Amino acid sequence: MSAATVQSCTAFAGHRRIASGSPREIVGAVKAAVEAGESVLVFDDADVRPVEFDLRGDLEAVLGRLARPVEEKRGPGRPKLGVTAREVTLLPRHWDWLAGQPGGASVALRKLVEASLREAEGPDRVRKGREAAYRFMTAVAGDLPGYEEATRRLFAGDAAGFEAAVAGWPEGVRGYAAGLVVP
């Protein structure tokens, strides 16, 4: 993932957290660590995907390559809603039911999807948090003692067991991994 699209990220040199913040805020620390010969991993705080920086040249050149967010110009008329038309295959009785709903099939389907999204919000957050913690732990903590046990406890939903398994890890790694786990 390019640093230009990231809002907030965290950088690790080995098992040491070296910086957290926007890409513009941390790129200096990342560049200094890489130039010092350290292996650096940077993660997007939103989904814990790796973030790549183009560190060629001096710090001014690196900062110049970090794209600044472009503000969207708004003209007169309706705002762009981002509606996408796609094919949906349903049984005849489903189409009959949708046709009888206020606002028609599109409105009824949007309402059903929104209700389902709200209902699944909690379990989805927990699942995404576990997946993010697993991605991070695999990349940074795979060689630390208790990694396998921490992974088992993470997916079992055993918060106390997870905390016990990561207790001996370096503070930055332990804190970041624990912060990803959603209760």
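Bear in mind that the values in this text are calculations on the coordinates, not laboratory data. Note that the coordinates shown come from a computational prediction; the quantities given were computed from them, not determined experimentally. As a convention, Cβ positions derive from the backbone with ideal geometry for all residues, glycine included, and neighbour counts pool all protein chains shown.
Structure data summary
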read-out	value
Dipole of the chain, positive direction: furthest Cα of V27, P170, G146, with charges on the beta-carbon	V27
For the stretch 92-180, size of Cβ-based charge dipole, Lys and Arg +1, Asp and Glu -1, in debye	340
C-alpha long axis of helix 147-156 to longest principal axis of the chain, angle in °	20
The chain - mean residue ellipticity at 222 nm from DSSP helices (-39,500 (n - 2.57) per run, n ≥ 4, rounded to 500)	-16000 deg cm²/dmol
Cα-centred dipole magnitude for the stretch 3-65, charges only on beta-carbon of K, R (+1) and D, E (-1), debye, nearest 20	80
Degrees, to the nearest 10: 104-140 long Cα axis against longest axis of the chain	10
Largest-first ellipsoid semi-axes for the stretch 92-180, taking √(5λ) over the Cα gyration tensor eigenvalues, angstrom	44, 11, 10
Furthest towards positive pole of dipole, L81, W97, A11, structure part the chain, Cβ charges	W97
Added length on full extension, which subtracts the Cα-Cα distance from 0.36 nm per residue, R127 to L55	22.5 nm
